[in-house]
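The values are calculated or read from the model by the stated rules, or taken from the named source; none is laboratory data. What you see is a predicted model; the values in this text were computed from it and never measured. Please note: Cβ atoms are built from the backbone with ideal geometry, for glycine as well, and neighbour counts cover all protein chains shown.
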Amino acid sequence: MFLQLKGLKKIYEDEKGLKNLDLEIEEGSFVTLLGPSGCGKTTTLNLLGGFIQPDSGHILLEGEDITGLPPERRPVSTVFQSYALFPHLNVLDNVCYGLRFFRGMKKKEAAPIAMEELKTVGLSGYETARIGELSGGQQQRVALARAMATGPKILLLDEPLSNLDAGLRVQLREELKELQKKLGITMVFVTHDQEEALSLSDKIVVMEKGVAVQTGTPREIYFSPVSRYVASFVGKANYIEENGRVQIVRPEDVWMEMDPSGDYTVWSASFMGAHTLYELENGSNVIKADLFGREGSLFSVGDRVRAGWGSRKDGPRDCHL
Ligand SMILES: Nc1ncnc2c1ncn2[C@@H]1O[C@H](COP(=O)(O)OP(=O)(O)OP(=O)(O)O)[C@@H](O)[C@H]1O
């Protein structure tokens with residue numbers, strides 16, 4: 001295995017931090033640590049980057065124990081949430097920084113490498129620009145070029161898209177995925193944004209209070225969540241109790257049709273364009289439904305409907321918790 005985290009633990013006061021993390025990461029894969037604030041994502045990245053030492057446990061890279069290595073001796077680079085660029089240096093000098101100060105290169109040697117990285121992120125021509133003159137998206141690209149310039153085997157990304165507005169976020173997310181495919185570099189990405197995690201990752205690690213509660217592909221996490229916590233953190237869900245068991249039903253798996261003698265009444269309807277979100281009630285329960293397209297938008301508050309979930313032919317899908 002390319003990268004292995006074995007029993008990693010780092011506890012701060014009040015028992016907070018990372019309790020025990022085992023994780024295997026394949027070379028060239030995109031792995032996302034997903035969870036709410038305080039669940040231990042940044043602590044995990046800091047351990048991988050060598051910025052902090054674990055209380056116990058090991059990090060193995062291609063079989064070699066790198067747990068005790070300082071950051072500059074690890075083939076690992078980090079893109080921080082704030083980008084951590086130097087405002088008094090121009091773009092080229094920012095990208096050259098690691099090569100000069102960690103690899104001991106002269107500027108002449110470092111500059112062509114840095115220019116190549118700037119080309120990769122689409123910023124050729126910006127070498128002499130000041131950081132303050134760049135947009136948030138451009139700064140993010142400079143941070144990416146700087147992190148890649150030292151030729152790391154692993155790139156750590158700590159919520160790198162969180163300071164950008166929604167449209168740019170989606171654009172840069174796609175660019176990041178393209179870049180990762182092109183370079184074949186292993187990326188460990190931290191986010192609390194489920195959409196980002198689902199669309200980018202080969203593997204998602206859902207974390208809760210310092211523990212990885214589920215590790216799997218985006219489809220496994222979404223369609224087969226191991227707990228209510230995972231189901232509610234990734235996507236919306238209905239929890240329907242039947243015969244003493246709780247079934248998780250995604251709103252998009254709910255179907256409904258007009259029926260004056262149906263069990264449910266449409267209680268709310270939110271038209272979102274491509275899809276429409278409904279809440280249906282039958283006295284004791286409220287069920288969320290998410291219907292697509294024009295046909296799915298035709299129900300109104302107060303309509304009486306028949307509703308169910310899963311395919312009508314196959315009956316309810318088996319998604320018991
Ligand atoms: N240096 C520190 N000293 C004390 N407690 C810390 C320290 N760093 C982190 N913690 C605590 O450890 C827990 C995990 O923090 P961590 O930063 O890893 O979480 P996170 O999932 O990255 O959250 P966020 O999304 O807010 O960055 C939190 O409760 C945090 O308050």
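The set of residues in the range 31-65 that are near the ligand (Cβ under 9 Å from one of its atoms), among the aliphatic types (A, V, I, L, M) and closer than 16 Å to Ala212 by Cβ comprises Leu33, Leu45. Scanning the range 198-219 for residues that are touching a residue at least 12 places away in the same chain (Cβ under 8 Å) and out of contact with any helix residue (DSSP H, G or I) (no Cβ under 7 Å at 6 or more places or on another chain) yields Asp202, Lys203, Val205, Lys209, Gly210, Val211, Ala212, Thr215, Gly216, Thr217.
Among the residues of the range 5-30, those that are within 8 Å of the ligand (Cβ to nearest atom) and either under 22 Å from the mean Cα position of the chain (by Cα) or assigned to a loop (DSSP other than H, G, I, E, B) (or both) comprise Tyr12, Lys16, Gly17, Leu18.
Looking across the range 243-277, just one residue is of a type in the set (Phe, Trp, Tyr), without any contact (Cβ under 8 Å) to a residue 40 or more places away in the chain and under 11 Å from Asp303 (Cα atoms), and that is Trp267. Of the listed requirements (1) farther than 15 Å from Gln81 by Cα; (2) within 16 Å of the ligand (Cβ to nearest atom), Gly184 misses just one: (2). Residue count for the range 191-211, restricted to those that are surrounded by fewer than 23 Cβ atoms within 10 Å (Cβ to Cβ) and aliphatic (A, V, I, L, M): 2.
Any idea which residue in the range 275-286 is surrounded by the most Cβ atoms within 10 Å (Cβ to Cβ), counting only those that are of a type outside the set (Asp, Glu) and at pLDDT 95 or above? It would help to see each step written out before you state the result.
As a first pass, look at the range 275-286 and keep what is of a type outside the set (Asp, Glu): 275-278, 280, 282-286.
Checking the rest, the ones that are also at pLDDT 95 or above come to 275-278, 280.
Values: His275: 15, Thr276: 20, Leu277: 17, Tyr278: 27, Leu280: 24.
Across the range 275-286, the extreme among qualifying residues is Tyr278.
Applying the criterion of at least 1 residues that are within 11 Å of the chain's Cα centre (by Cα) and hydrophobic (A, V, I, L, M, F, W, C) to the strands (runs of 3 or more DSSP E) found wholly in the range 151-235 leaves 154-158, 186-191, 203-208. Candidates are the residues of the range 263-274 that are touching an Asp or Glu at 6+ places or on another chain (Cβ under 9 Å) and surrounded by 13 or more Cβ atoms within 10 Å (Cβ to Cβ); the one that is nearest to Val234 (Cα to Cα) is Ala269. In the range 26-54, the residues that are touching a residue at least 12 places away in the same chain (Cβ under 8 Å) and on the phi > 0 side of the Ramachandran plot form no Cβ pair under 6 Å with any partner that is of a type in the set (Ser, Thr, Tyr) and within 7 Å of the ligand (Cβ to nearest atom), whether six or more places apart or across chains.
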